[in-house]
Amino acid sequence: MPRPRKAVRDRALEDLLLAGLAEGVTLRKLCRRHHIAPGLVQRWRMEDKDFARRFALAREAGFEAIAEETLEIADDDAGDVTCKEKADGSVAVAKNPDNVARARLRVETRLKLLSKWAPGKYGESTELGQAQDWSERLAAARARVLKGR
């Protein structure tokens with residue numbers, strides 16, 4: 001694999017990287033593809049507010065692409081069963097648990113990462129049940145206290 005080069009930063013290279021991010025491709029993979037050190041792209045983000053803004057938008061679009069990909073993985077049942085012809089000519093259908101387990105791992109990994117990268121959108125909800133109207137409960141409690149005096 002070629003070593004990362006000192007990239008000549010231009011709008012075309014930035015657009016290539018950001019388009020890949022928006023498709024859900026990892027920054028590391030994009031940097032390998034274009035022979036750029038990932039730290040260099042991170043430096044561009046720190047030094048250039050416009051690039052940082054565009055990077056964040058591309059990353060957000062990439063999260064949605066990854067979320068959609070989890071549905072595709074979960075819905076894809078190719079390889080979940082195998083068919084073999086028996087000696088008597090009949091066909092034996094067997095489940096392929098390794099394929100199912102691999103798909104589950106791929107989905108769970110993506111969902112866990114999404115919940116860390118964008119917890120507000122993909123994280124576990126911390127709300128307990130329905131939203132409560134505490135004003136009514138508080139008024140009822142006050143009434144009970146005042147009644148007991």
Any idea which of A52, A22 is surrounded by 15 or more Cβ atoms within 10 Å (Cβ to Cβ) and either within 20 Å of the chain's Cα centre (by Cα) or at pLDDT below 95 (or both)? A22
What are the residue pairs meeting all of these: first residue in region 60-79, first residue farther than 11 Å from V107 by Cα, second residue among the basic types (K, R) and in a helix (DSSP H, G or I), Cβ atoms under 8 Å, and 6 or more apart or on different chains? F63/K121
Would you please name the residue that is surrounded by the fewest Cβ atoms within 10 Å (Cβ to Cβ), looking only at residues in region 39-49 that are out of contact with any Phe, Trp or Tyr (no Cβ under 9 Å at 6 or more places or on another chain) and basic (K, R)? K49
Could you give every pair whose Cβ atoms fall below 6 Å, whose first residue belongs to region 19-35 and is at negative phi, and whose second residue is assigned to a helix (DSSP H, G or I) and small (G, A, S), counting only separations of at least 6 or pairs across chains? L21/A58; L21/G62; A22/A58; A22/A61; A22/G62; E23/A65; L30/G20
Kindly indicate whether K84 is loosely packed, with under 14 Cβ neighbours inside 10 Å, charged (D, E, K, R) and part of a helix (DSSP H, G or I). no
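The values are calculated or read from the model by the stated rules, or taken from the named source; none is laboratory data. Predicted model, so just to flag it, every value in this text is computed and none were measured. FYI the Cβ positions are ideal-geometry reconstructions off the backbone, even for glycines, and counts take in every protein chain you see.
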